[in-house]
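Read-outs throughout are calculated quantities, based only on the coordinates presented, and are distinct from any laboratory measurement. Keep in mind that this is a model prediction, so the values were computed, not measured. Positions of Cβ are generated from backbone atoms using ideal geometry, with glycine treated the same way; all protein chains shown enter the neighbour counts.
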Amino acid sequence: MKIWISSLRDVHDAHSKANPAHVVSLLSPGSDFPAFDGYGADRHMRVEVNDILEDKENRPAPGEHHVESVIAFLKDWKPQDPLLVHCWAGMSRSTATALIAACMHNPQADEAEIGAALAAASPTAFPNTRIVAIADEMLGRNGRMAKAADKIRSDESRITEIYRVAEAPPFHIPSRY
């Protein structure tokens, strides 16, 4: 099956296409989160988290509690079912979470292979490295997830593409590796 990644603007269209078993929404604190008919808290997780790498005035960076709650929620997701992850632009928090989901449910997989699939799926994939690094430690991946995310972000053409478009069109990666 697939892990779908979307922006907030396109999330309902992506939801219609993906028909996901679970949805993870990652938006800044105080944001209005989308609703999906038939999805309670057991199927739709709402995470209030800023898309920054370091604490800024009145804006805390993602912390362990954010990532821990995402990991706990993703334990109930089965990779044979579609998953939909979205954030504001579909570029950073959502791609970090998609990388986490794929690595969690493929413990023997090469993190670099999963990262390469994410990078190939979208020129705007730009995972939040703080979120990935926290998950990497929690999942015992010994820095390999963080290295995969860093490799994606080191591609300068991605920065150009991110500034060219305000939001990524929906895309997907495999859930099995």
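The fewest-to-most ranking of V47, V70, V11 by surrounding Cβ atoms within 10 Å reads V47, V11, V70. Cα-based radius of gyration for the chain, normalised by 2.2 N^0.38 Å, reads 0.92.
Scan the chain and report its longest stretch carrying no GluC sites (Glu not before Pro) that are both in a DSSP loop and have at most 10 other Cβ atoms within 10 Å. Longest site-free region, per DSSP loop and neighbour criteria: 58-177.
Once both labels are positioned 7 Å from their Cα atoms along Cα-to-Cβ, the gap between S28 and D10 label points is 2.2 nm.
Here T160, T97 are placed in order of increasing Cβ neighbour count within 10 Å, fewest first, which gives T160, T97.
Counted by neighbouring Cβ atoms within 10 Å, the residues D37, D81, D136 run from fewest to most as D37, D81, D136. Once C-alpha pairs closer than 8 Å and six or more residues apart are averaged by separation and normalised to the residue number of the range 5-152, the relative contact order reads 26 percent.
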